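First up is the structure itself, then whatever we jot down about it.
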């Protein structure tokens with residue numbers, strides 16, 4: 001009997017230890033459960049937006065309780081829509097999207113609303129931006145205004161201007177061009193003689209500028225919606241020995257552009273803080289998954305950058 005009692009007691013103790021261990025194990029699993037933030041990127045061939053994305057990836061590495069799930073739309077709005085639905089299906093707690101095309105992004109906020117998953121747009125507005133949880137980026141029209149005001153002063157209020165625009169349906173291209181025109185309408189002796197969409201690309205910026213030169217278009221300034229197209233224009237002007245006769249401006253203050261600014265062929269750019277936008281977008285998404293409130297618009301300010309500032313901004317971006 002005593003032996004049997006001892007065995008029963010030992011079994012009871014073992015059972016208690018096992019139950020405690022199981023409970024402890026369950027608690028550990030619960031505490032290590034991760035949040036998920038989805039990131040929908042438009043493509044992988046845009047210099048500036050890639051730096052926004054890199055900042056999101058880098059900062060996500062420090063979030064020990066959160067996974068970042070990345071999908072690439074490869075320039076296709078329909079693919080991006082399907083991928084956002086897929087991020088919802090993967091139980092993402094919040095989604096950051098850099099839209100391929102503002103005009104074709106109308107369904108994104110509806111998907112988010114129907115699923116109850118908050119969506120944040122980064123760098124570029126969505127078509128139904130008011131229905132999104134937030135926008136993180138810069139106020140696009142401001143950069144066009146800053147670029148044009150500096151150019152108008154350098155031109156002494158007179159001359160012919162051509163505009164290299166980004167993608168036709170891209171919010172930043174529309175607003176930056178609007179900002180340029182808003183300023184130049186105050187200068188009756190400055191004429192816009194041509195404008196064309198270069199889709200943010202250096203190659204197209206060069207090709208379009210080459211065509212203007214060959215077609216006999218007379219211009220004193222090229223105002224580009226971004227630095228890549230401005231660099232393309234510089235390359236075309238250099239090929240025709242016209243670089244010293246034409247003012248070239250851009251937007252973004254990318255490391256490549258700052259080198260042209262330092263040599264003097266690029267006359268002005270406007271710093272758009274790619275890393276700042278990425279970091280703020282992830283920070284906003286993380287607050288949402290933790291149940292915190294965020295502002296509807298989180299603006300990262302622009303900064304005018306002239307040749308004497310080139311070294312400062314190169315150092316800031318770790319490229320000097």
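The values are calculated or read from the model by the stated rules, or taken from the named source; none is laboratory data. Just so we're clear, the structure is a prediction, and the values are computed from it rather than from any experiment. No Cβ is skipped: glycine too gets one built from the backbone with ideal geometry, and neighbour counts run over all protein chains shown.
Note on segment 285-302: residues that are more than 19 Å from residue 59 (Cα to Cα), surrounded by 14 or more Cβ atoms within 10 Å (Cβ to Cβ) and over 16 Å from the mean Cα position of the chain (by Cα) total 0. For the structure I just gave you, tell me whether residue 258 is crowded, with 17+ Cβ neighbours inside 10 Å and under 22 Å from residue 311 (Cα atoms). The answer is yes for residue 258. Take segment 163-180 and flag every residue that is assigned to a helix (DSSP H, G or I) and in contact with a strand residue (DSSP E or B) (Cβ under 7 Å, 6 or more places away or on another chain). Correct list: 173, 177, 180.
Identification of helices (runs of 4 or more DSSP H) wholly contained in segment 60-162 with 2 or more residues that are under 28 Å from residue 269 (Cβ atoms) yields 140-154.
Of all residues in segment 98-116, those satisfying the criterion of being buried (at least 16 other Cβ atoms within 10 Å of the Cβ) and either within 13 Å of residue 131 (Cβ to Cβ) or more than 21 Å from the chain's Cα centre (by Cα) (or both) are 105, 107, 108, 109, 111, 112, 115.
Scanning segment 222-267 for residues that are at negative phi and either without any contact (Cβ under 8 Å) to a residue 12 or more places away in the chain or not assigned by TED's automatic domain parsing to the domain that holds residue 179 (or both) returns 244, 263. Is it the case that residue 268 is closer than 18 Å to residue 160 by Cβ, within 27 Å of the chain's Cα centre (by Cα) and modelled with pLDDT of 95 or more? Judged against the criteria, residue 268 is a match.
Can you confirm whether residue 121 is under 28 Å from residue 73 (Cα atoms) and within 24 Å of the chain's Cα centre (by Cα)?
On the way: under 28 Å from residue 73 (Cα atoms): yes; within 24 Å of the chain's Cα centre (by Cα): yes.
So residue 121 passes the test.
For segment 235-253, a tally of residues being touching a strand residue (DSSP E or B) at 6+ places or on another chain (Cβ under 8 Å) and more than 16 Å from residue 161 (Cβ to Cβ) returns 2.
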